[in-house]
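Notes follow the structure.
The values are calculated or read from the model by the stated rules, or taken from the named source; none is laboratory data. The structure presented is a predicted model; accordingly, all values stated were derived computationally and were not measured. All Cβ positions, even for glycine, are placed from backbone atoms using ideal geometry, and neighbour counts span all protein chains on display.
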Amino acid sequence: MNAARLVNGILWRMEKFFSRTRIRWFKTLYINFRTLPFSQAIRLPIWIYGPVKLYCLSGKIKIRGVIKKGMVRFGCQLGSFSAPRRGAMILLESGTELIFNGPCRFDFDYAIRITGRGVVNIGRNIWFGNDTKIYCEESITIGDYCGIPFGCCFMDTNYHYTIDLVNHIVPKKSAPIVIGSYNWIGNSSTIMKGTKTPNEVIIASKSFLNKDYTSLTRGEKYIVLAGNPVKVVRTNCARIRSSKAERDINEWFNNHSDLKEYFANQSLSVYQDVSQYHQ
């Protein structure tokens, strides 16, 4: 039994090793020294994993706060939800900015396209699942400790103009996106221009957002948005962010498989302890 467990452990480690994406050192060096001040670039805060098309890096990347090696990682494998399709790209036109305020991870097959005078401002401890798309012409801001699983798209522009044939009005094609802190955005959701969300929001999978939702909460926290277009479907529902709390709850359900509910008998702060942040 112990021998079988040992062999299984060795094979599992081999599978994990061979399935990982590898750091591309040339592109890692290039993007650091191409976009950052030398004093930051020498510390290699940005790591590039796997294949990526660096179409244009004429814009600026800014990292605020303490600079650490590998604090921003593009293309690193965060989970095993799908296989890479080799489709990652970064395009930063001259006059644009990509700002990181702390650690950030992008899974594979991401696309970042910042054009015009676009500014993308990403908060602390953010992770993006595979097949994330960010298209910016004006402004996209994402607050701290947000979780963004696979297949999500952020687009602050329509990339075209339309004309109202009655009053001859041509509306602006872009508008800022502002995502509050501690948001959990379900997979395959689309975040369009003009979207604003408050802090502590859960957005269901395959949702479509295109307006200011801060007024919907009426000062309430912990709301759930869902649908196309989204609406408030639940209140007083908070995501558990503590990995320790999640492990404890998993263990409890494993030991009580006949039950469907767990009673949370501790304060909310225990389940949302960001020092035990679950990604």
Is it the case that some residue within segment 127-141 is in contact (Cβ under 8 Å) with a residue 40 or more places away in the chain and farther than 24 Å from CYS56 by Cβ? yes
Residues of segment 151-177 being of a type outside the set (Ser, Thr, Tyr) and buried (at least 18 other Cβ atoms within 10 Å of the Cβ), which ones? GLY151, CYS152, PHE154, MET155, ASP156, ALA175, ILE177
In segment 51-70, anything touching a residue at least 12 places away in the same chain (Cβ under 8 Å), surrounded by fewer than 20 Cβ atoms within 10 Å (Cβ to Cβ) and in a loop (DSSP other than H, G, I, E, B) is listed as PRO51, SER58, ARG64, GLY65, ILE67, LYS68, LYS69, GLY70
With respect to ASN210, is the statement that it is farther than 23 Å from ASP144 by Cβ, in the same structural domain as TYR161 (by TED's automatic domain parsing) and surrounded by 15 or more Cβ atoms within 10 Å (Cβ to Cβ) true? yes
Which residue pairs have Cβ atoms under 6 Å apart, sit 6 or more places apart or on different chains, and have a first residue in segment 16-27 that is closer than 8 Å to ILE48 by Cβ and a second that is at pLDDT below 90? none
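Which count do you get for residues in segment 28-50 that are crowded, with 18+ Cβ neighbours inside 10 Å, of a type in the set (Val, Ile, Thr) and part of a loop (DSSP other than H, G, I, E, B)? Lay out the reasoning, then the answer.
So in segment 28-50, the residues crowded, with 18+ Cβ neighbours inside 10 Å come out as 28, 31-32, 35-36, 41, 44-50.
Going one step further and asking which of them are of a type in the set (Val, Ile, Thr), we end up with 28, 31, 35, 46, 48.
Now drop any that are not part of a loop (DSSP other than H, G, I, E, B), which leaves none.
Of the residues in that region, 0 qualify.
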Taking into account only those residues within segment 90-112 that are in a strand (DSSP E or B) and more than 16 Å from the chain's Cα centre (by Cα), which is farthest from GLY65 (Cα to Cα)? LEU91
Go through segment 203-254 and count every residue that is of a type in the set (Ser, Thr, Tyr), assigned to a helix (DSSP H, G or I) and under 21 Å from ASN125 (Cβ atoms). 1
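For (1) in a loop (DSSP other than H, G, I, E, B); (2) not hydrophobic (A, V, I, L, M, F, W, C), each residue gets a yes or a no:
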site: TRP127; (1), (2): no, no
site: GLY151; (1), (2): yes, yes
site: TYR159; (1), (2): yes, yes
site: ILE163; (1), (2): yes, no
site: ILE169; (1), (2): yes, no
site: LYS172; (1), (2): yes, yes
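Yes/no matrix, rows are residues, columns are (1) touching a residue at least 12 places away in the same chain (Cβ under 8 Å); (2) in contact with a Lys or Arg (Cβ under 7 Å, 6 or more places away or on another chain); (3) under 12 Å from ILE203 (Cβ atoms):
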site	(1), (2), (3)
LYS221	yes, no, no
GLY227	yes, no, yes
VAL230	yes, no, yes
CYS237	yes, no, yes
TRP252	no, no, no
HIS256	no, no, no
LYS260	no, no, no
PHE263	no, no, no
Looking at (1) among the hydroxyl-bearing types (Ser, Thr, Tyr); (2) more than 18 Å from GLY143 (Cβ to Cβ); (3) in contact (Cβ under 8 Å) with a residue 24 or more places away in the chain, find the lone condition where THR197 falls short. (2)
Quick check on my filter: what residues within segment 189-202 are surrounded by fewer than 20 Cβ atoms within 10 Å (Cβ to Cβ) and either at pLDDT 95 or above or not in a loop (DSSP other than H, G, I, E, B) (or both)? THR190, MET192, GLY194, LYS196
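Condition check ((1) of a type in the set (Ser, Thr, Tyr); (2) closer than 25 Å to ASN187 by Cα; (3) touching a strand residue (DSSP E or B) at 6+ places or on another chain (Cβ under 9 Å); (4) not assigned by TED's automatic domain parsing to the domain that holds PRO198) across all residues:
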| site | (1), (2), (3), (4) |
| --- | --- |
| LEU54 | no, no, yes, no |
| LYS62 | no, no, yes, no |
| CYS76 | no, yes, yes, no |
| THR141 | yes, yes, yes, no |
| MET155 | no, yes, yes, no |
